[in-house]
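Peer 1: Structure below; questions to follow.
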Amino acid sequence: MYCIRNVREDLFWVGADDRRLSCFEGVYGVPDGVSYNSYLLLDEKTVLFDTVDKAVYSVFLENVAHGLAGRPLDYLVVHHMEPDHAATLELLVERYPEAKIVCNAKIKTMLAQFFSMDLTERLVLVKEGDSLSTGRHNLSFVMAPMVHWPEVMMTYDSTDRILFSADAFGTFGALNGRLFADETDFFGEHLDEARRYYTNIVGKYGPQVQAVLKKAAALEIAYVCPLHGFVWRSHFGDYLEKYLLWSSYTPEEQSVLLAYASVYGHTENAANILAALLNERGVRVRMYDTSVTPASYIVSDAFRCSHLVFAATTYNAGVFVTMEDLLHDIAAHNLQNRKVALIENGSWAPTSGKVMRELLSGLKGITYISDNLTLKSALREDQLPQLETLADAIAAELCPAPAVVEAAVPADGGFTPDAVDNKVFSKFSYGVEVLTTRVDGKDYGCIINTAGQVASCDPKKITISVIKKNHTCDMVAKAGRFNISILTEDAPYSVFQHFGFQSGRDVDKFADLPWDVRMSNGIRYIPEYTNAVLSCEVIDVKDVETQVLYIANVVEAKVLSNAPSCTYGYYHAHIKPKKNPAPEQKECWVCKVCGYVYEGAELPDDFVCPLCKHGKDEFEHVVPVEKKKEKGYVCAICGHFEPCEGELPEDYVCPICHHGREDFEPAER
Ligand code: FEO
């Protein structure tokens, strides 16, 4: 009996699930099965896109026959000749002798290699940019060599904006009746298997995937129909973001993969202690025993994590076999740009560290955090400091958790207030920028005026300083990366209000923005009222009391326009509306940056504007014509005055800084 689903009114999924396959390609375990996708278009001409694996040929042929409902099959488009998609091709074309086979020259060669049937007369050869009209639909062909074999191509249906993407954007796992990614909790339940699929199947071919992603970026895409896994019709940008990271060998998260190979448990013991030390320092660790977890899972997390620690015993004067297999696999998949640490063990001649280094030696962008740490049979008490040093070094490389930032000690040695004229600081010429980042699929951003280049070596280095109370500050610490969009003089005040005067804790600043553009790191940037954008990877963090200073490598940068950059001075002189407090206003302090009004006669020296986070220097003291006393409570954190004749309610929360009533004191104004 057939089992098909509509993708659109005239496009059908006619593939099948396989839950009995133990090893995909004979090597990758697929405990959740796999789907082989084929699609049937019923236009004036009928078109089948790809066939399926021989394991599911029976239901596939029923699906095609049912979908055609007696019509002839005019075209079979072949995107990929790997037998999980082409094994049933010969069977199919025998059954539909009128069908023309649309493919490229490399596919033609492979057809002759795989099949004895002479198909030459039935071929319609296409190349990059060629198109085929099937009636209402117009199909064009996009070559995608090495995603995943050299002959691979994709088809773009410009009528309904559908990309038939071959192996790209697929995932392991049977569909189980769900065809669309939005019928599942994809990022919660399927992302790990999607990552394992990508990294193991096409992880080696990052540059080729990037080339195809560039071509896809020029297309308007409403649907993506891959050969495995779910069809995308919404939120495809979130998945594309992952592909941009994976294919550029950019870590998905600032974390540690800790994989160990241990025969009698002593190496495992050292790995466990290191994992504990790392966790104590706030570092996220993903840990595997290479003798237990199949390599495909560990390879997948090696693409995910920024730092890799491999610990292995010496074996046959080399490295233990399961670690050797893993590192061969990682090297074969061309992983790049990772920080690595090695722990070797050996009872008489430890060599595993040297061999592990050799196995990774061909990979680009691999840097070692420290020298190999050597164990002789077992970790001794006096070697604990070595593990602690390694844990410290890794923790220092990763972005510290916000708690670590908060714990830093203020440094005010030699400071006397009278010696510093604060007006000096308005003599600096600051730019104004929108800082953006992304954590767990959510976008964050705020205004800063502190970005500047600090080193011209490659990669170039910049610093930004962000007010700790800004939510974006915490998010940059978590993400370990950010974008800077440099604002221009034509930026309207609304841009400053939008990013500067509200908090990402309360609102999604990106929900209704007219722009949805991202750099390769998946983080959004602001394409209008800006003249340049930079993507940065955090390499160091310093606590500077009210602010956090991030030092970062610039990994991507582009000029957007030649409009002059907006300086902080220009903003004050020409963009910020002038405030004219009404004469009947109560005595207050008005923020010259954002207009926030602090009501009260005295503004604390350490007051920070709850909206734009500027300090007392930016406030103007406004003395009213008359003072009226009003009873209430004042927030000791942000200075918010809450009028109240009696007691504040027990569950009262400050509307400005969100502290509870325990931080309020009775006051009059
Ligand atoms: Fe799903 Fe490369 O075949």
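Peer 1: List every residue pair whose Cβ atoms lie under 7 Å apart, where the two residues are 6 or more positions apart in sequence or sit on different chains, the first residue falls within the stretch 596-625 and is over 22 Å from VAL466 (Cβ atoms), and the second residue, located anywhere, is among the aromatic types (Phe, Trp, Tyr) and surrounded by fewer than 18 Cβ atoms within 10 Å (Cβ to Cβ).
Peer 2: none
Peer 1: A further question on this structure: Touching an Asp or Glu at 6+ places or on another chain (Cβ under 7 Å) and not acidic (Asp, Glu): does that describe SER262?
Peer 2: Yes: the conditions hold for SER262.
Peer 1: If I filter the stretch 432-448 down to residues being outside any loop (DSSP other than H, G, I, E, B) and of a type in the set (D, E, K, R), which single residue comes out as modelled with the highest pLDDT?
Peer 2: Once the filter is applied, the top-ranked residue is GLU433.
Peer 1: Given the residues CYS635, CYS594, which is the only one that is within 24 Å of ARG505 (Cβ to Cβ), touching a strand residue (DSSP E or B) at 6+ places or on another chain (Cβ under 7 Å) and open to solvent by less than 60 Å² (accessible area, probe 1.4 Å)?
Peer 2: That would be CYS635, the only listed residue that is within 24 Å of ARG505 (Cβ to Cβ), touching a strand residue (DSSP E or B) at 6+ places or on another chain (Cβ under 7 Å) and open to solvent by less than 60 Å² (accessible area, probe 1.4 Å).
Peer 1: From (1) away from the ligand (no atom under 16 Å from the Cβ); (2) crowded, with 18+ Cβ neighbours inside 10 Å; (3) in contact (Cβ under 8 Å) with a residue 40 or more places away in the chain, pick out the condition that doesn't hold for ALA275.
Peer 2: So ALA275 meets the others, but not (3).
Peer 1: OK, next. Does the stretch 503-534 hold any residues that are part of a loop (DSSP other than H, G, I, E, B) and among the basic types (Lys, Arg), and which are they?
Peer 2: Selection gives ARG505, LYS509.
Peer 1: Continuing with the same structure: Which of the residues belonging to the stretch 187-207 are surrounded by 19 or more Cβ atoms within 10 Å (Cβ to Cβ) and more than 13 Å from the ligand (Cβ to nearest atom)?
Peer 2: HIS190, GLU193, ALA194, ARG195, ARG196, THR199, GLY206, listed by residue number.
Peer 1: Give the stretch 158-186 a look and list any residue that's closer than 21 Å to TYR243 by Cβ, among the β-branched types (Val, Ile, Thr), away from the ligand (no atom under 13 Å from the Cβ) and not in a strand (DSSP E or B), or say none.
Peer 2: Answer for the stretch 158-186, where residues must be closer than 21 Å to TYR243 by Cβ, among the β-branched types (Val, Ile, Thr), away from the ligand (no atom under 13 Å from the Cβ) and not in a strand (DSSP E or B): just THR184.
Peer 1: Please verify whether VAL283 is crowded, with 16+ Cβ neighbours inside 10 Å, assigned to a loop (DSSP other than H, G, I, E, B) and not aromatic (Phe, Trp, Tyr), treating the condition exactly as stated.
Peer 2: In short, yes.
Peer 1: Given the conditions (1) open to solvent by less than 10 Å² (accessible area, probe 1.4 Å); (2) more than 28 Å from GLY26 (Cα to Cα), which single one is not true for ALA216?
Peer 2: Status for ALA216: all satisfied but (1).
Peer 1: What are the residue pairs meeting all of these: first residue in the stretch 140-151, first residue farther than 13 Å from MET110 by Cβ, second residue basic (Lys, Arg) and within 10 Å of the ligand (Cβ to nearest atom), Cβ atoms under 7 Å, and 6 or more apart or on different chains?
Peer 2: If the second residue must be basic (Lys, Arg) and within 10 Å of the ligand (Cβ to nearest atom), no pairs are left.
Peer 1: Here's a follow-up. Quick check: anything in the stretch 226-242 basic (Lys, Arg), closer than 20 Å to GLU189 by Cβ and assigned to a loop (DSSP other than H, G, I, E, B)?
Peer 2: Yes: the stretch 226-242 contains one or more residues that are basic (Lys, Arg), closer than 20 Å to GLU189 by Cβ and assigned to a loop (DSSP other than H, G, I, E, B).
Peer 1: Filter the stretch 65-87 down to residues that are within 16 Å of CYS103 (Cα to Cα) and in contact (Cβ under 8 Å) with a residue 40 or more places away in the chain and give me whichever is nearest to the ligand (Cβ to nearest atom).
Peer 2: Here the residue is GLU82.
Peer 1: Can you tell me which of GLU94, GLU62, GLU98 is open to solvent by 30 Å² or more (accessible area, probe 1.4 Å), more than 16 Å from the ligand (Cβ to nearest atom) and closer than 18 Å to ASP18 by Cβ?
Peer 2: After ruling out the rest, the residue left standing is GLU62.
Peer 1: Then there's this: Can you tell me which residue is nearest to the chain's Cα centre (by Cα) among those in the stretch 145-157 that are open to solvent by less than 10 Å² (accessible area, probe 1.4 Å) and within 11 Å of the ligand (Cβ to nearest atom)?
Peer 2: That would be VAL147.
The values are calculated or read from the model by the stated rules, or taken from the named source; none is laboratory data. Here the structure is a predicted model, which is why all the values come from computation and not from measurement. When we count neighbours, we look across all protein chains shown, and the Cβ atoms used for this are built from the backbone with ideal geometry, even at glycine. SASA here: full protein model, heavy atoms, side chains in, ligands and nucleic acids out. Shrake-Rupley method; radii C 1.70, N 1.55, O 1.52, S 1.80 Å.
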